[in-house]
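Visitor: One structure, pasted below without further comment.
The values are calculated or read from the model by the stated rules, or taken from the named source; none is laboratory data. Model, not experiment: these values are computed from the prediction. Ideal geometry is used to build each Cβ from the backbone, glycine not excepted, and the neighbour counts take in all protein chains shown.
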Amino acid sequence: MTAAAEQLGLSPTPDERLARLRRAAYLAKYAWDCGIPGCDGQPHAFYPNRHARPKQLAPPGDWWAWFLMYGRGGGKTRSAAEWIKTRMLSEKNHRVAIIVPDFPIGRDVCVEGESGLLAVIPPEYVKNWNRSHGTLTLTNGSRAKIFGTNTQADAEKTRGDQYHTAWFEEIATQKYAKVAWDITTFAVRLGKDPRVIITSTPKPTKFIRKLASDPDIHLVDGVSTFDNQENLPERTLNRLKSQYQGTTLGMQELEGRILDAAEGALITHRLIRHVPEAPPLTRVVVAVDPAGTAWSTSDLTGIIVAGIDKDRNFYTLADKSGQYSPEGWRAAVLAAFEEFEADEVVAEVNYGGDMVRSNIRAGSDRVPVEVVHATRGKEIRATPVVSLYEQGRVYHITGLVAADFKDDGERSFGLDKLAEEWTTWIPPGRFNAEGDPIPPSDWSPNRLDAEVWAAHRLLLGPAKAKRRMRFEDD
């Protein structure tokens, strides 16, 4: 129907009514807020597709940033994409910065993912998506651009730009999160209502705690993976429930809660000192706790690189742990030995000491190997290392990221997972304040154990002279 016909009060023709119904049905699949209080987000009349639950909708009020601190799979990415869509379509030339841990995450999750921008914006409003440059342009001139934060230089790339909106995706895993946050928040200054959205599963870092307590940031936390169970595969949910529900790690990853330490754990995060780099070190070792088997369900092989300075302070340099075959962990150990110019490999063995030594030397006969036998429990071995943490003599290096030693299992990046083991592993025989027993952990802290062996070799046993020098003339 033409505008003139509408002004005259003429009724639409059957064809026009059919076209309107088809258009409404088409747009219904992009609808997000049904307006029904407490809606579970499942399809119902006039909303044939899954849509928002109440905690997925932007809160009212004059907040500057909205922090969706959800458990994994809780629906935070879809919430952010829908909110960004509304802002981009509501005005011409709206500018959005998407800040992500690395460029592929921005491309594959925030834009092209099942809950990304291209999935929630009707195609006719998309003018161009340049996946090489990470720039999405709409027909009204609005534009969103991806910025990775792999390096400090990348994290500063929003310097000098201006935006109406910024989206920080998985900010807790961004290596230079604070740098990106500081630079980008200066740039969010366009229009009358500049705002920021943050989506992340939490980690108990000082920076995340600061964001969560900022009065200008509206925090929505405690949204669990299971709140979104209607949109997740049943097999995945069952596996997560059986393995992680009720555990400390599950509280963080599934329930979206910031933790300090599990009750009964060996140390808290407050005892872990972080520094960007180590001073000159007098001795460096690679400590390895090999798994007894090489199946996909086997324990991790713990591989920790550590050193001491002239004052006998202990520095944990890198975590190369993973689920490896014997050939795989040997390659990881030897690569770490060369990368950090280590003096020795320390390998725990409960059986097959010669086999472990031979496996390492099959890759290089120039590597000194010291095998150690576990004659006492993990907690007993760890107790003197706990004392080192309490004395402020242990430092975790934050400026190094573990290399990608992918075999056929899990990879480790940075030292977050090592800190997680120290603060979540509960040894047997612990009691709470009421005197009730605390259930011990049913998993093995292999990263922790490898670091303990490194500390025993470097600090808690007889002092050792630097040995690598003997190879320099070869």
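Visitor: Got a number for residues in the range 54-80 being under 19 Å from Gly116 (Cβ atoms) and either touching a helix residue (DSSP H, G or I) at 6+ places or on another chain (Cβ under 7 Å) or surrounded by 22 or more Cβ atoms within 10 Å (Cβ to Cβ) (or both)?
Guide: Let us first name the residues in the range 54-80 that are under 19 Å from Gly116 (Cβ atoms), namely 56-58, 66, 68, 70, 72-80.
Adding the requirement that they be either touching a helix residue (DSSP H, G or I) at 6+ places or on another chain (Cβ under 7 Å) or surrounded by 22 or more Cβ atoms within 10 Å (Cβ to Cβ) (or both) leaves 56, 58, 68, 70, 72-80.
So the answer is 13.
Visitor: Looking at (1) free of Cβ contacts under 8 Å to residues at least 60 places away in the same chain; (2) farther than 19 Å from Met88 by Cα, which is the only condition Asp216 fails?
Guide: (1)
Visitor: Same structure, new question: Taking the condition touching a residue at least 40 places away in the same chain (Cβ under 8 Å), buried (at least 19 other Cβ atoms within 10 Å of the Cβ) and out of contact with any strand residue (DSSP E or B) (no Cβ under 6 Å at 6 or more places or on another chain), does Gly322 pass?
Guide: yes
Visitor: Restricting attention to the range 417-474, report how many residues are of a type in the set (Asp, Glu) and either at pLDDT 80 or above or under 26 Å from Lys310 (Cβ atoms) (or both).
Guide: Just the residues of the range 417-474 that are of a type in the set (Asp, Glu), to begin with: 420-421, 434, 436, 442, 449, 451, 472-474.
Narrowing further to those that are either at pLDDT 80 or above or under 26 Å from Lys310 (Cβ atoms) (or both): 420-421, 449, 451, 472-473.
Number of matching residues: 6.
Visitor: Moving on to the next point. Can you tell me which residue among Val220, Val286 is assigned by TED's automatic domain parsing to the domain that holds Phe337, buried (at least 16 other Cβ atoms within 10 Å of the Cβ), assigned to a strand (DSSP E or B) and at pLDDT 65 or above? Break it down into steps so the answer makes sense when it comes.
Guide: Working: Val220 fails: assigned by TED's automatic domain parsing to the domain that holds Phe337.
Only one candidate passes the filter, namely Val286.
Visitor: All but one of (1) more than 23 Å from the chain's Cα centre (by Cα); (2) surrounded by 14 or more Cβ atoms within 10 Å (Cβ to Cβ) hold for Thr424; state the number of the condition that does not hold.
Guide: (1)
Visitor: Right, next: Condition first: within 20 Å of the chain's Cα centre (by Cα) and on the phi < 0 side of the Ramachandran plot. Can you find one or more residues in the range 118-139 that meet it? Spell out how you get there, then give the answer.
Guide: Step one: filter the range 118-139 for residues within 20 Å of the chain's Cα centre (by Cα), giving none.
No.
Visitor: Sticking with this one: Give the number of residues within the range 357-393 that are free of Cβ contacts under 8 Å to residues at least 12 places away in the same chain, under 23 Å from Leu281 (Cα atoms) and more than 33 Å from the chain's Cα centre (by Cα).
Guide: Residues flagged as free of Cβ contacts under 8 Å to residues at least 12 places away in the same chain, under 23 Å from Leu281 (Cα atoms) and more than 33 Å from the chain's Cα centre (by Cα) within the range 357-393 amount to 0.
Visitor: Of the residues Pro194, Pro202, only one is surrounded by 17 or more Cβ atoms within 10 Å (Cβ to Cβ) and either β-branched (Val, Ile, Thr) or within 17 Å of the chain's Cα centre (by Cα) (or both); which?
Guide: Details: Pro194 fails: either β-branched (Val, Ile, Thr) or within 17 Å of the chain's Cα centre (by Cα) (or both).
Testing whether each residue is surrounded by 17 or more Cβ atoms within 10 Å (Cβ to Cβ) and either β-branched (Val, Ile, Thr) or within 17 Å of the chain's Cα centre (by Cα) (or both) leaves just Pro202.
Visitor: When you check Thr135 against the structure, is it surrounded by fewer than 22 Cβ atoms within 10 Å (Cβ to Cβ), closer than 24 Å to Pro104 by Cβ, in contact with a strand residue (DSSP E or B) (Cβ under 6 Å, 6 or more places away or on another chain) and modelled with pLDDT under 95, yes or no?
Guide: Numbers: surrounded by fewer than 22 Cβ atoms within 10 Å (Cβ to Cβ): yes; closer than 24 Å to Pro104 by Cβ: yes; in contact with a strand residue (DSSP E or B) (Cβ under 6 Å, 6 or more places away or on another chain): yes; modelled with pLDDT under 95: no.
So Thr135 fails the test.
Visitor: Take the residues in the range 164-191 that are surrounded by 17 or more Cβ atoms within 10 Å (Cβ to Cβ) and touching a His at 6+ places or on another chain (Cβ under 9 Å), then tell me which one is farthest from Gly116 (Cα to Cα).
Guide: For the range 164-191, the residue satisfying everything is Val188.
Visitor: Given the residues Val356, Val386, which is the only one that is modelled with pLDDT under 85, assigned to a helix (DSSP H, G or I) and out of contact with any Lys or Arg (no Cβ under 7 Å at 6 or more places or on another chain)?
Guide: Values: Val386 fails: modelled with pLDDT under 85.
Going through Val356, Val386 in turn, the sole match is Val356.
Visitor: Does Ala97 meet the test of being part of a loop (DSSP other than H, G, I, E, B), in contact (Cβ under 8 Å) with a residue 12 or more places away in the chain and surrounded by 17 or more Cβ atoms within 10 Å (Cβ to Cβ)? Show your work before the answer.
Guide: Working: part of a loop (DSSP other than H, G, I, E, B): no; in contact (Cβ under 8 Å) with a residue 12 or more places away in the chain: yes; surrounded by 17 or more Cβ atoms within 10 Å (Cβ to Cβ): yes.
So Ala97 fails the test.
Visitor: Sticking with this one: Going by the conditions given, is Asp62 within 29 Å of Pro215 (Cα to Cα), charged (D, E, K, R) and not in a helix (DSSP H, G or I)? Break it down into steps so the answer makes sense when it comes.
Guide: Details: within 29 Å of Pro215 (Cα to Cα): yes; charged (D, E, K, R): yes; not in a helix (DSSP H, G or I): yes.
Yes, satisfied.
Visitor: Among Lys145, Lys127, Lys92, which is the only one that is over 20 Å from Val196 (Cα atoms), assigned by TED's automatic domain parsing to the domain that holds Ile171 and outside any helix (DSSP H, G or I)? Steps first, answer last, please.
Guide: Details: Lys145 fails: over 20 Å from Val196 (Cα atoms); Lys92 fails: over 20 Å from Val196 (Cα atoms).
From the options Lys145, Lys127, Lys92, the qualifying one is Lys127.
Visitor: Can you tell me which residues in the range 100-121 are closer than 20 Å to Glu156 by Cβ and of a type in the set (A, V, I, L, M)?
Guide: Listed by number, the residues that qualify are Val100, Ile105.
Visitor: Okay, moving on. Mind checking which pairs have a first residue in the range 66-85 that is within 17 Å of Asp40 (Cα to Cα) and assigned by TED's automatic domain parsing to the domain that holds Ile171 and a second that is among the small types (Gly, Ala, Ser) and surrounded by 24 or more Cβ atoms within 10 Å (Cβ to Cβ), Cβ under 7 Å, 6 or more apart or different chains?
Guide: Hits for this filter: Tyr70/Gly256; Gly74/Gly256.
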